1. Hey, any idea what Rg/Rh is for segment 1-143, computing Rh the Kirkwood way over Cα pairs?
2. Highest first, please rank the peptides 73-85, 188-200 by the mean number of other Cβ atoms sitting within 10 Å of their residues.
3. What is the fewest-to-most order of 139, 17, 89 by other Cβ atoms lying within 10 Å of their Cβ?
4. Sorted by mean Cβ packing within 10 Å, highest first, what order do the peptides 23-29, 218-224, 61-67 take?
5. ³J(HN,Hα) across segment 138-146 via Karplus (A = 6.51, B = -1.76, C = 1.60, θ = phi - 60°), whole Hz, x for Gly/Pro?
6. What does DSSP give for segment 58-184 in terms of the percent of beta bridges that are antiparallel, rounded to the nearest 5?
7. Hey, can you grab everything whose amide H is under 5 Å from the amide H of residue 162? Only 5+ residues off in sequence or another chain; H modelled, so Pro and N-termini drop out.
8. Go ahead and estimate [θ] at 222 nm for the chain from helices alone: -39,500 (n - 2.57) per DSSP H run with n ≥ 4, summed, over the residue count, rounded to 500.
Amino acid sequence: MVELQSWDPLFRTLFESMVAGVGIEDRRAVFDADGTLWAGDAGRHMVHMLAERGVVKTRDGAVDSAGVLREYDAMEAIRPLDAYTWCVSVMASLPESSVISYANDVAAEMAKNAQFHPMRCLLDWLSSRKFQIAVVSASNRWVIAAMIHHLELPVDAIVAMDCDVENGTLTNRLRHPLVNGPGKVDAILARLGWSHWAFAAGNSVHDVPMMSRAKGGALMINPNEDAYRQAIALGFWVRRFPFSTNEP
């Protein structure tokens, strides 16, 4: 039987109490990905790799990976949803086979030192208790799938930023609902048919709507000041992990 060896007694009690209060038919858990299951932002990392390889350029057409990241970070600071959708739309016209290859390269690099091992332990523990587990992310679905594969996580479903694929090529038609903030809740319902879940975990204010729908408990990982205030106000559990990442 899988045990919660990476968690202190307080959290073990919280998790065990949550599971004890959930019927088998309601055993669903939703997890954010970047910053929650691993350190760093896989979607951002993938844009950096595409920029390094000349696939993505700056607004003035320069092959400058640092410049692309500066533009992305500036966009995210003002309009996060625009930044997350841009990371998908910028890949329009690429063969899906190439996108999968790029995503696997990102995951192979990030997975070396990015995983939060207590979160892996929690996923294994929930899976052993017959929970259905979904990862819900504003990063693109190809890089999230690659990270889950490389880390061998027990995940049943992925709900992530996506677009239509025609004749093996990505288009600029984004799939709605867009998976961020309240859109995470809408996307879970639209793609999985889940209207409720017992447990949720995230790391930012963008995860709060999804976490607020958890009936048994919600866990905030490494929150910034704003996310921490919201977590405390809403009664979420909070856990901080030391981490390192090779994200640019």
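Computed from the coordinates by the stated procedures, all read-outs in this text should not be read as laboratory data. Please read all numbers here as calculations on a predicted model, not as lab measurements. No Cβ is skipped: glycine too gets one built from the backbone with ideal geometry, and neighbour counts run over all protein chains shown.
1. Numbers: Rg = 18.5 Å, Rh = 17.2 Å.
Radius of gyration over Kirkwood radius for segment 1-143 works out to 1.08.
2. Packing order, densest peptide first, comes out as 188-200, 73-85.
3. 17, 89, 139
4. Values: 23-29: 15.3, 218-224: 22.3, 61-67: 13.6.
Per-residue Cβ counts within 10 Å, averaged per peptide and sorted highest first, yield 218-224, 23-29, 61-67.
5. In residue order, the calculated couplings are 7, 7, 5, 5, 5, 6, 5, 4, 5 Hz.
6. Values: 4 of 9 bridges.
Here the antiparallel bridges make up roughly 45 percent for segment 58-184.
7. Excluding prolines and chain starts, which carry no amide H, the hits are 175.
8. Numbers: 10 runs with 111 residues, N = 248.
When only DSSP H runs of four or more count, the value is -13500 deg cm²/dmol.
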